[in-house]
Amino acid sequence: MKIFENLKSVAQKKGGAYFVLIDPDTRKSAELKDFVQEICAQGADAILVGGSLIIGADFQNSLEIVKENSTLPIIIFPGSLQQLSFDADAILYLSVISGRNPNLLFGDHVIAAPTIKKMNIEPISTGYMLFESGQTTTAEFMSNTRPLPVNKPEIAMAHALAAQYMGFSTVYLEAGSGALRSIPNQVVKAVSSYIDIPVIVGGGIRTPEEARLKSEAGATFIVTGNIYDDSENIKLINEFARAVHIKENS
Ligand code: 1GP
């Protein structure tokens with residue numbers, strides 16, 4: 001558990017840690033190289049790679065480029081069993097606990113486990129909780145599950161606590177990539193203060209201020225991805241990182 005333990009220490013020290021998600025479909029090789037270098041130079045804490053549905057990109061090829069250009073931990077955020085690579089340091093070993101799709105609760109995991117062991121990448125057991133966020137997201141559609149309501153924090157709290165009791169290392173509160181609305185701060189707060197394992201929050205976070213409020217609400221790790229589809233925004237990585245690192249920049 002070296003990678004995840006280190007990231008928890010980073011978050012503890014800085015008041016939160018910031019992850020940038022790379023969807024391999026969104027960048028050509030040359031742009032990907034520059035993007036990875038910017039993520040590292042501008043103070044993010046880890047790189048996630050993956051997508052609910054990858055259509056055009058070659059996952060392994062993208063991972064190679066990320067690895068060649070990164071000084072940060074590289075964590076696969078898998079949308080499917082096809083998204084595995086020797087070039088990652090770790091993988092979010094996701095169970096979609098907000099839903100009741102058996103393969104995504106404990107099915108694909110059985111198929112992937114021997115490969116993950118062979119590849120020697122660190123599995124980070126993650127209770128993945130999809131929330132409704134204003135419209136159907138790719139994650140929701142592809143997982144064939146119903147998202148959690150945002151106006152009933154007690155349901156989310158019970159799911160997260162069950163995840164902790166079952167031994168998950170973390171829970172991921174997910175609004176879905178490009179979500180109209182990110183996870184409400186009061187839901188982040190309700191869940192984070194109710195459980196003892198770290199909370200990852202992502203989906204639809206568009207400004208550093210929004211990221212800071214989630215960090216202040218108790219999120220341990222903040223993820224953004226979509227915002228950088230517009231290359232103009234890449235210069236904002238440092239602002240996001242500083243916003244999440246609330247202990248260093250209060
Ligand atoms: C999606 O939580 C991540 O799985 C990031 O979401 O792309 O909306 O930032 P965005």
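Where a number appears in this text, it was derived from the coordinates with a stated rule and is not lab data. From a predicted model like this one, the values you see are computed outputs, not experimental measurements. Here Cβ is always computed from backbone atoms with ideal geometry, including for glycine, and neighbour counts include all displayed protein chains.
By the beta-carbon count within 10 Å of each Cβ, the least crowded to most crowded order of Ser70, Ser215, fewest first, is Ser70, Ser215. In the chain, helical runs assigned H by DSSP with n ≥ 4 each contribute -39500 (n - 2.57); averaged across all residues and rounded to the nearest 500, the mean residue ellipticity at 222 nm is -11500 deg cm²/dmol.
Computed over neighbours whose Cβ is under 14 Å from that of Ala112, the net charge equals 0, Lys and Arg +1, Asp and Glu -1. Remark: the Glu209-Glu232 segment gains 6.5 nm on full extension, using 0.36 nm per residue and subtracting the alpha carbon distance.
Taking Cα centre as origin and charging only the Cβ of basic (Lys, Arg, +1) and acidic (Asp, Glu, -1) residues, the dipole magnitude of the chain rounds to 600 debye. In segment 79-124, Cα pairs under 8 Å separated by at least six residues give a relative contact order of 53 percent.
Across the options Thr207, Thr220, Asn144, the greatest Cα extent toward the positive end of the charge dipole of segment 3-244 (unit charges at beta carbon of Lys, Arg, Asp, Glu) belongs to Thr220. Each part gets one Cα centre, and for segment 1-65 versus segment 182-250 those centres are 15 Å apart.
Charged neighbours of Lys189, selected by a Cβ distance under 12 Å, balance to 0 (K, R count +1; D, E count -1).
Positive contributions from Lys and Arg (+1) and negative ones from Asp and Glu (-1), summed over other residues with Cβ under 11 Å from the Cβ of Ile54, come out at -3. How large is log10 I(q)/I(0) at q = 0.10, 0.13, 0.20 Å⁻¹ when the Debye formula is applied to the Cα atoms of segment 4-150, each weighted equally and without solvent? Evaluating at q = 0.10, 0.13, 0.20 Å⁻¹ gives log10 I(q)/I(0) of -0.36, -0.61, -1.34. The alpha carbons of the chain give a radius of gyration and a Dmax of 16.4, 46 Å, in that order. Extension gain, Ile55 to Gln186: 0.36 nm times the residue separation minus the Cα-Cα distance gives 43.6 nm.
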